[in-house]
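Data first, discussion second: the structure below is written as structure tokens.
The values are calculated or read from the model by the stated rules, or taken from the named source; none is laboratory data. If you're wondering where the values come from, they're calculated on a predicted model, not measured in any experiment. Cβ coordinates were reconstructed from backbone atoms using ideal geometry, including for glycine residues, and neighbour counts include every protein chain displayed.
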Amino acid sequence: MKIFVMAAKVLKSLFLKPATLGYPFVPRVYYKNTRGKIAIEIAKCIYCGACQRKCPAQALNVNKAEKNWVINRLRCISCGYCVDVCPKKCLTMENTYSVSATKKEEEVFSGA
Ligand code: SF4
Ligand code: SF4
């Protein structure tokens with residue numbers, strides 16, 4: 001009997017739209033609230049470190065002395081906690097993803 005159930009599913013799926021996108025020919029649709037990559041307006045940052053302390057993935061490193069704000073995008077889980085706690089509102093969650101990279105490098109933003 002199971003063979004009939006499976007055959008019915010196979011026949012049905014022949015007439016359904018594919019569940020996947022034909023990337024890169026069919027571009028991904030980003031929604032207004034898509035959780036993508038974190039962006040910073042470094043000129044507004046006061047290097048208080050609140051974002052680093054709140055980050056559950058240890059993806060951020062803030063150095064007040066050197067005026068550096070560093071993000072490891074491979075660690076970031078796009079939770080948005082850093083955006084919520086920033087007192088200067090200089091962090092935003094963009095609705096697009098980071099581009100692929102060949103090296104595991106941290107991204108450094110400097111206000112110095
Ligand atoms: S919480 Fe905001 S102001 Fe403070 S270090 Fe992070 S980005 Fe800069
Ligand atoms: S979005 Fe979450 S994981 Fe990513 S840097 Fe901010 S607090 Fe850390």
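I'd like to check something: does the range 58-72 contain any residue that is assigned to a strand (DSSP E or B), β-branched (Val, Ile, Thr), under 23 Å from Tyr30 (Cα atoms) and out of contact with any helix residue (DSSP H, G or I) (no Cβ under 8 Å at 6 or more places or on another chain)? Yes, some residue in the range 58-72 is assigned to a strand (DSSP E or B), β-branched (Val, Ile, Thr), under 23 Å from Tyr30 (Cα atoms) and out of contact with any helix residue (DSSP H, G or I) (no Cβ under 8 Å at 6 or more places or on another chain). One residue stands out among those in the range 83-112 that are within 17 Å of Gly36 (Cα to Cα) and of a type in the set (Gly, Ala, Ser): the one that is farthest from the chain's Cα centre (by Cα), which is Ala101. Here Thr92 qualifies as modelled with pLDDT of 95 or more and either more than 7 Å from ligand 2 (Cβ to nearest atom) or touching an Asp or Glu at 6+ places or on another chain (Cβ under 7 Å) (or both).
Among the residues of the range 44-52, at least one is under 17 Å from the mean Cα position of the chain (by Cα) and surrounded by 14 or more Cβ atoms within 10 Å (Cβ to Cβ). Restricting attention to the range 76-86, and to residues there that are within 7 Å of ligand 2 (Cβ to nearest atom), of a type outside the set (S, T, N, Q) and assigned to a loop (DSSP other than H, G, I, E, B), which single residue is nearest to Ile40 (Cα to Cα)? Of everything passing the filter in the range 76-86, Gly80 is nearest to Ile40 (Cα to Cα). Across the range 15-57, the qualifying residues are those that are touching a helix residue (DSSP H, G or I) at 6+ places or on another chain (Cβ under 7 Å), free of Cβ contacts under 8 Å to residues at least 40 places away in the same chain and hydrophobic (A, V, I, L, M, F, W, C), and the one among them that is farthest from Lys104 (Cα to Cα) is Ala50. A single entry from Tyr81, Tyr30 fulfils the requirement of being among the hydroxyl-bearing types (Ser, Thr, Tyr), on the phi < 0 side of the Ramachandran plot and within 11 Å of ligand 1 (Cβ to nearest atom): Tyr81.
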